[in-house]
Amino acid sequence: SFVEPSGEVIGVEAKLGESLLDIAREKDIELEGACEGTLACSTCHCIFDQALYDTLPPPEEEELDMLDLAAALCDTSRLGCQVKVTKAFEGARIVIPDEFNDMQGNPIDESK
């Protein structure tokens, strides 16, 4: 499930190996992905619970560089374009922060 900035929880079914960004786009979920998944922005920033985060492969250096630009960054933040669904995602909730930075690093608050 995705938890949108409004707090709405949207359950989704996904194929193993699909990226979270692709799933969100397919289901009209508010996860921007301005760079189309090319690791040139942080607008697909997602927050995971610790247990699920611990199952993910570590982020590459390029992803860490983009996460440095993300608003509302936390220890379990990742970019949705870089995270692929595994069996560990069953029943999980992925939180989409209510603010993010655009491709120029300017803050955008989705809660307004």
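With open to solvent by less than 10 Å² (accessible area, probe 1.4 Å), touching a Lys or Arg at 6+ places or on another chain (Cβ under 7 Å), of a type outside the set (D, E, K, R) and touching a residue at least 40 places away in the same chain (Cβ under 8 Å) as the only criterion, which of Ser19, Ser42, Ser1 stands out?
Just a single option satisfies the conditions, and that option is Ser19.
Looking at this structure, is Ile94 at pLDDT 95 or above and either within 14 Å of Leu31 (Cβ to Cβ) or not hydrophobic (A, V, I, L, M, F, W, C) (or both)?
yes
The values are calculated or read from the model by the stated rules, or taken from the named source; none is laboratory data. Values in this document were obtained by computation on a predicted structure and should not be read as measured data. We place every Cβ from the backbone using ideal geometry, glycine too, and count neighbours over all the protein chains shown. Accessible surface areas use protein heavy atoms only, side chains included; no ligands, DNA or RNA. Shrake-Rupley method; radii C 1.70, N 1.55, O 1.52, S 1.80 Å.
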